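The structure appears below as structure tokens.
The values are calculated or read from the model by the stated rules, or taken from the named source; none is laboratory data. Given the structure is predicted, the values throughout are model-derived calculations rather than measurements. No Cβ is skipped: glycine too gets one built from the backbone with ideal geometry, and neighbour counts run over all protein chains shown.
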Amino acid sequence: MPPLFALFSSLPWWAWTGFLAFVGLMLALDLGVFHRRSHAVTVREALAWCAVWSGLALGFNLLIRQQLGRQAALEFFTGYLVELCLSVDNVFVFVVIFQYFRVEPRYQHRVLFWGILGALAMRALFIFAGISLLNAFHGVIYLFGLFLVYTGLKLARPKKDEGLEPGRNPLVRLFRRACPVTADFQGGRFFTAEKGQGLFATPLFLVLIVVETTDVLFALDSIPAVIAITRNEFIVFTSNIFAILGLRSLYFAVAGAVQLFRFLNVGLAVILVFVGVKMLLSGCLEIPIGLSLGVIGTVLALSMLASTLPWTNRRDTGCRRPG
């Protein structure tokens, strides 16, 4: 089979089908049972769901260890940790988006649910395209490495408030020209029928568009970072999906305390540079997965610790997107 099309070479089709069926079942339970009625998600509820998604990821990691071995389990856990860390960036932007459009807390879960559902499909395409390119053209790995190093250095550079305005999103402007939009929210609906005027989109659908496009932008660096950990498409895909599934709960758990993550952007920058350098050196130096996990875990712990030290919080930095 040509390398470009060897997407499902690591595991048989039934493993992919089983995983997708499990994800579909969990999402159906999430929206159809536990969040059937729109309500403001409390921090306690969000923390409980964070524990659920993390527990499922760790349980799946044990299954990988049993079926594929210790190396594969380390790769999954490292990829999951990297993706989870980089997903915190999304939380900062979600805060800005919901504040900008004045979305009521009880409808935010609905937007994130459908937004992340779309993100799963988009990320699957990115993952398979990225691995296909690496299989067909090995030199692409150096382009990925350079891109990650550049992104990491850019993220570490101090920036002033850029005044992010989600309403100026090009897709939002294009959609407004192509489809009529109601002036006000219509509860939790994305579309509504106006008498004698046909179907109208609501501002909540515009919020969904911004959330989707934001995730696509973040996937441009997070997916190459995980591919730097492993080329096993099943591990890249599943670790990415588990991290994204827990992103909604992570948002509701920490949205009110984003100012506490003052140095997280520095830690994320170091992680991106590290995995980028790992890609650049892949032709002459093999960095063990255990060492990679140790470096990533240490950097993350130190950045979180530095954010909590009293002398590092003398200035009010406000809520802004890192990088």
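Search the stretch 159-175 for residues being surrounded by 14 or more Cβ atoms within 10 Å (Cβ to Cβ) and at pLDDT 80 or above, and hand back the single one that is nearest to Ile97 (Cα to Cα).
Filtering the stretch 159-175 for residues that are surrounded by 14 or more Cβ atoms within 10 Å (Cβ to Cβ) and at pLDDT 80 or above, the one nearest to Ile97 (Cα to Cα) comes out as Val172.
Can you tell me which residue among Ala119, Ala73 is crowded, with 18+ Cβ neighbours inside 10 Å, over 14 Å from the mean Cα position of the chain (by Cα) and among the small types (Gly, Ala, Ser)? Spell out how you get there, then give the answer.
Numbers: Ala119 fails: over 14 Å from the mean Cα position of the chain (by Cα).
Every option except Ala73 fails the conditions.
Anything in the stretch 18-56 that is more than 22 Å from the chain's Cα centre (by Cα) and at pLDDT 85 or above? List them, or say none.
Gly18, the sole residue that qualifies.
Here is a check on your reading of the model: is Ala46 assigned to a helix (DSSP H, G or I) and over 30 Å from Asn169 (Cβ atoms)?
So Ala46 does not fit the description; no.
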